[in-house]
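Dropping the structure in here first, questions after.
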Amino acid sequence: MSKYAVPLLALASATHAVSLGDVKHVIMVMFENRSFNHYFGTFPGVRGFADPNVKINTATGKSAWYQSLAGVTNETEYLLPWYLNQNGGEEGFNQTQCMCAGANNWIPTQQIFQAGLANGGATDQWAIIDTPQAWGYFKRDDLPYHFALAESYALADHYHAAITSNTDPNRWFWQSGSIGVPGGPQPANSGGVILDDQQANECLAAGLDCVPLHWPAYAQIMDEAGVDWMSFQNSYDWATNSGLFYFAAFQEAANDSSLYQRGLNFDGPNGLDAYIARAANGTLPEVSYMFPPGALQEHPPYTPVDASWYLNQVVSAAINGPNYNETIIIVNYDEAGGWGDPHLPIISPEGTAGEWFQDPYDEVGYTFSGPGPRIPLYIVSPFTRGGTVFTERADHSSVIMFLEEYLTARGYKNVVTGQLDDWRREHMSNLVNALDFENHNQQPDYSIPDLPTPPTPLKDDDGNIIGLYAGFCSIEWPESCSDSPYVPAIPYGQQTEENSLIYEDGYMLARGYMTEGRWLVFESNGYALSNPGTVKSTSNSTDALSATAATADHEALAQRWVVHALTEEGTLFNVSSAVEGFYLSPQNSFSSSVMGAQAFNITYIGNSQYVLQKEGGEFTNINSDGTVEYSSTPTPYTVWSVTYSNTSST
């Protein structure tokens, strides 16, 4: 049970058509190097460019959208997010698809995060420490398959890389739960601490970036427990995609061993074609790792459009296979790749065992290992069908904890790893709340969405996939992918929030314990909590909170609310209205000042339902006749996360 849950789950349906233990297949797909806002800042109904809670820089008074340009240019002081394909046209599309951002390794990422922590949580150094293009973003036209998949299933908007660094530390954490931070669960001299990419059997320095790793990958734990698992990938990319080879147990595994046959035996039995065939005949293993070949893994300069072809191969095979009704696909990105995002994760208290240590490079001092920047996560399943935003704080440890929950529900023993430290277990989601097994709000929904068909990637003369970059971009524009002509003219001095912080109108069903960053609509019994909106003064209002008829698109401004967390974690929030920003008060009316605000516990009770309770007091409910009632017994809400540009009540 989530640390945020309370014993109210009996409010949900008691009839379990299916449960986590009925799932037959979990498929995990790992891509490379994209941040959340770089991909989904414009996406409707998530924590993107419409974010009402973005942090304010305590030094400048500006929000984290404003990136400092000190020392970068004299044309202007700040850079707002900017659309990469602003020039349009096929050539511009190809260039930005193949474009790179900036540095994504340990020291610069730490420097960006530490600067943000010093400024009240507003990370405003991406353009200085990284590059100005790091603040660029795509829209739907650039990512049609990604957007279609996200709006058909679930998109997490509080998911972070595990480590403030690049590929190998994050992938190895994703596959084991650790990078060997001193003081963590791993024995001394077991291979840590892993801070940057390292693919040779050696140490960069004493106790730094040492391979092989002498703690178990989660795949080894599954193998020893008798779980049917497999790593699917093609041999020519085994060294750069799967981290399994870098664990000592796999390096030492005999060719006829289960570890080798399931984890390192590439092509025929473990390639993409084998996966597609097994999905078609219903013989996929219980747990599958999927690793795309280099040209299809989305690592800049390799492109989103090519990666979407591979992703479609994986998803289409599963959702059109005989076991789709019992399948969950988790699509990850290992880290942000230098693309910026304004939101810091929750960070452990200084001195937390297994998290804090002295930087061995002597560049960033005594510091935390992670979590890292915010990155995309999709969950594709009948249990997430229909367009949901998963709101819980999560990182790569969450995938391991989900596998633990899943395999335990399947009846396996000894599938809880000892490699995750206590802080991650306590503070990161296990992703289970992203799923709805109760058939609430039409879940599960076994219908298959109409997804676009991505173009087939370019191939060489031998039929090998090489993709847009190797097959066109690098030939047409041989300069570095982080330089001109790949990078469009950066709009210095031409930006306003209105022409930069753009987003689509729309909504997503919220699921998971509540976090900040969204405009919310609370609906129950066919009505939504509403601000009458009649008061125009700055004094406390005498208007009472009301309810008005819910609408199909959840667009009414009077029904829109913002939650303001009173603690870094927990269920306690102030609630303000989109109408003039007034706060709900203890008198069930509105206050123009946060000093007059009522604190509410907003508690997720499972299966897309929430309850709203005054701190230490009554629940705020909507009756079946549309009246607002305050009672000792809760009536659940469905909560929608919405983004609409309208500024007047409808």
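The values are calculated or read from the model by the stated rules, or taken from the named source; none is laboratory data. Model, not experiment: these values are computed from the prediction. Cβ sites come from the backbone with ideal geometry, for glycine too, and all protein chains shown count toward neighbours.
Which one of the conditions (1) at pLDDT 95 or above; (2) hydrophobic (A, V, I, L, M, F, W, C); (3) outside any loop (DSSP other than H, G, I, E, B) does Ala295 fail to meet, given that it meets all the rest?
(1)
Is it the case that some residue within segment 351-365 is more than 22 Å from Thr391 (Cβ to Cβ), touching a residue at least 24 places away in the same chain (Cβ under 8 Å) and within 19 Å of the chain's Cα centre (by Cα)?
No, segment 351-365 contains no residue that is more than 22 Å from Thr391 (Cβ to Cβ), touching a residue at least 24 places away in the same chain (Cβ under 8 Å) and within 19 Å of the chain's Cα centre (by Cα).
Can you name every residue in segment 493-533 that is hydroxyl-bearing (Ser, Thr, Tyr) and part of a strand (DSSP E or B)?
Of all residues in segment 493-533, those hydroxyl-bearing (Ser, Thr, Tyr) come to 496, 500, 503, 507, 513, 515, 524, 527, 530.
Scanning segment 493-533 gives Tyr507, Ser524, Tyr527, Ser530.
Looking at (1) within 15 Å of the chain's Cα centre (by Cα); (2) modelled with pLDDT under 95, can you tell me which one His396 breaks?
Here His396 meets the rest and fails (2).
Determine, yes or no, whether Gln110 is over 21 Å from Gly41 (Cβ atoms), at pLDDT 95 or above and crowded, with 22+ Cβ neighbours inside 10 Å. Explain how you work it out, then say what you get.
Working: over 21 Å from Gly41 (Cβ atoms): yes; at pLDDT 95 or above: yes; crowded, with 22+ Cβ neighbours inside 10 Å: yes.
Taking the combined requirement at face value, the residue satisfies it.
Which residues, taken from segment 300-317, are crowded, with 22+ Cβ neighbours inside 10 Å and either within 23 Å of His396 (Cα to Cα) or in contact with a Cys (Cβ under 9 Å, 6 or more places away or on another chain) (or both)?
Correct list: Pro300, Tyr302, Thr303, Pro304, Ala307, Ser308, Tyr310, Leu311, Val314, Val315.
Yes or no: Thr534 modelled with pLDDT under 95 and more than 18 Å from Ile622 (Cβ to Cβ)? Spell out how you get there, then give the answer.
Numbers: modelled with pLDDT under 95: yes; more than 18 Å from Ile622 (Cβ to Cβ): yes.
The answer is yes for Thr534.
Please go through segment 276-304 and give me each residue that is under 21 Å from the mean Cα position of the chain (by Cα), farther than 29 Å from Gln95 by Cβ and acidic (Asp, Glu), ordered by number.
Residues satisfying the conditions do not exist here.
Phe247 is checked against (1) in contact (Cβ under 8 Å) with a residue 60 or more places away in the chain; (2) buried (at least 23 other Cβ atoms within 10 Å of the Cβ); (3) out of contact with any strand residue (DSSP E or B) (no Cβ under 7 Å at 6 or more places or on another chain); (4) more than 24 Å from Phe36 (Cβ to Cβ) and fails just one. What number does that condition carry?
(3)
Could you check segment 150-166 and list, in sequence order, the residues that are among the hydroxyl-bearing types (Ser, Thr, Tyr) and in contact with a Ser or Thr (Cβ under 8 Å, 6 or more places away or on another chain)? Even if it seems obvious, please write down each step before you answer.
Going through segment 150-166, the residues among the hydroxyl-bearing types (Ser, Thr, Tyr) turn out to be 152-153, 159, 164-165.
Scanning segment 150-166 gives Tyr153, Tyr159, Thr164, Ser165.
Go through segment 584-626 and give me each residue that's more than 30 Å from Gly386 (Cα to Cα) and surrounded by 23 or more Cβ atoms within 10 Å (Cβ to Cβ). Steps first, please.
We begin by selecting, within segment 584-626, every residue more than 30 Å from Gly386 (Cα to Cα); these are 584-599, 614-618.
Result: Leu584, Phe590.
Hey, any hits in segment 257-268 for a residue that's modelled with pLDDT of 90 or more, charged (D, E, K, R) and either surrounded by fewer than 19 Cβ atoms within 10 Å (Cβ to Cβ) or in contact with a His (Cβ under 9 Å, 6 or more places away or on another chain) (or both)?
The answer is no; no qualifying residue exists.
Related question: For segment 441-461, state whether one or more residues are among the hydrophobic types (A, V, I, L, M, F, W, C), more than 29 Å from Ala50 (Cα to Cα) and at pLDDT 95 or above. Steps first, please.
Of segment 441-461, the ones among the hydrophobic types (A, V, I, L, M, F, W, C) are 448, 451, 458.
This time we only want the ones that are more than 29 Å from Ala50 (Cα to Cα), so: 448, 458.
Among the residues that remain, those that are also at pLDDT 95 or above are: 458.
Looking for residues that are among the hydrophobic types (A, V, I, L, M, F, W, C), more than 29 Å from Ala50 (Cα to Cα) and at pLDDT 95 or above, one finds at least one in segment 441-461, hence yes.
List the helices (runs of 4 or more DSSP H) inside segment 65-183, counting only whole elements, that have at least 3 residues being polar (S, T, N, Q) and closer than 21 Å to Asp197 by Cα.
On the way: elements: 89-97, 106-118, 144-152, 167-176.
Those helices (runs of 4 or more DSSP H) span 106-118, 167-176.
Pick out the one residue from Asn170, Asn166 that is at pLDDT below 95 and within 26 Å of Ile27 (Cα to Cα). Don't jump to the end; show me each part of the working.
Numbers: Asn170 fails: at pLDDT below 95.
Result: Asn166 is the single residue among Asn170, Asn166 that is at pLDDT below 95 and within 26 Å of Ile27 (Cα to Cα).
I would also like to ask the following. Looking at segment 366-373, is at least one residue at pLDDT below 95 and over 16 Å from Ile27 (Cα atoms)?
So in segment 366-373, the residues at pLDDT below 95 come out as 370.
Applying the additional criterion that residues be over 16 Å from Ile27 (Cα atoms) yields 370.
Yes, because at least one residue in segment 366-373 is at pLDDT below 95 and over 16 Å from Ile27 (Cα atoms).
Does Ala277 fit the bill of being surrounded by fewer than 16 Cβ atoms within 10 Å (Cβ to Cβ) and among the aliphatic types (A, V, I, L, M)? If you could, list the steps in order and put the result at the bottom.
On the way: surrounded by fewer than 16 Cβ atoms within 10 Å (Cβ to Cβ): yes; among the aliphatic types (A, V, I, L, M): yes.
Answer is yes for this residue.
Say we look at segment 550-600 and pick out the residues that are assigned to a strand (DSSP E or B), of a type in the set (Gly, Ala, Ser) and out of contact with any helix residue (DSSP H, G or I) (no Cβ under 9 Å at 6 or more places or on another chain); which of these is farthest from Gly626 (Cα to Cα)? Before the answer, list the steps.
First, pick out the residues of segment 550-600 that are assigned to a strand (DSSP E or B): 561-565, 572-577, 583-584, 590-591, 600.
Filter once more, keeping what is of a type in the set (Gly, Ala, Ser): 565, 576-577, 591.
Add one more test, that the residue is out of contact with any helix residue (DSSP H, G or I) (no Cβ under 9 Å at 6 or more places or on another chain), and what stays is 565, 591.
On the way: Ala565: 28, Ser591: 23 Å.
Out of the qualifying residues, it is Ala565.
Now for a separate question. When only residues in segment 341-374 that are among the charged types (D, E, K, R) and over 30 Å from Leu155 (Cβ atoms) count, which is surrounded by the fewest Cβ atoms within 10 Å (Cβ to Cβ)?
Taking segment 341-374 as the starting set, the residues that turn out to be among the charged types (D, E, K, R) are 341, 350, 355, 359, 362-363, 374.
Cutting the leftovers down to over 30 Å from Leu155 (Cβ atoms) gives us 350, 359, 362-363.
On the way: Glu350: 10, Asp359: 15, Asp362: 7, Glu363: 12.
Restricting to residues being among the charged types (D, E, K, R) and over 30 Å from Leu155 (Cβ atoms), the top hit is Asp362.
Cβ-Cβ below 7 Å, separation at least six or inter-chain, first residue in segment 83-97 and over 15 Å from Ile475 (Cβ atoms), second assigned to a strand (DSSP E or B) and modelled with pLDDT of 95 or more: which pairs?
Qualifying pairs under 7 Å: Tyr83/Tyr137; Leu84/Gly136; Leu84/Tyr137.
Taking segment 194-215 on its own, how many of its residues are surrounded by 23 or more Cβ atoms within 10 Å (Cβ to Cβ) and in a loop (DSSP other than H, G, I, E, B)?
Applying the first criterion (surrounded by 23 or more Cβ atoms within 10 Å (Cβ to Cβ)) to segment 194-215 yields 194-195, 209, 213, 215.
Among the residues that remain, those that are also in a loop (DSSP other than H, G, I, E, B) are: 194-195, 209, 215.
Residues meeting the conditions: 4.
Please state which of the following conditions Gly102 fails to meet, knowing it meets all the rest: (1) of a type outside the set (A, V, I, L, M); (2) buried (at least 22 other Cβ atoms within 10 Å of the Cβ); (3) over 30 Å from Ser381 (Cβ atoms).
(2)
Quick one: is Asp157 surrounded by fewer than 20 Cβ atoms within 10 Å (Cβ to Cβ), in contact with a strand residue (DSSP E or B) (Cβ under 9 Å, 6 or more places away or on another chain) and modelled with pLDDT of 90 or more?
Judged against the criteria, Asp157 is not a match.
Where residues in segment 383-433 are of a type in the set (Phe, Trp, Tyr) and under 27 Å from Pro44 (Cα atoms), which of them is surrounded by the fewest Cβ atoms within 10 Å (Cβ to Cβ)?
Within segment 383-433, the subset of a type in the set (Phe, Trp, Tyr) is 383, 390, 402, 406, 412, 423.
Imposing the further condition that a residue be under 27 Å from Pro44 (Cα atoms) reduces the set to 383, 390, 402.
Details: Phe383: 26, Phe390: 26, Phe402: 23.
Ranking the qualifying residues of segment 383-433, first place goes to Phe402.
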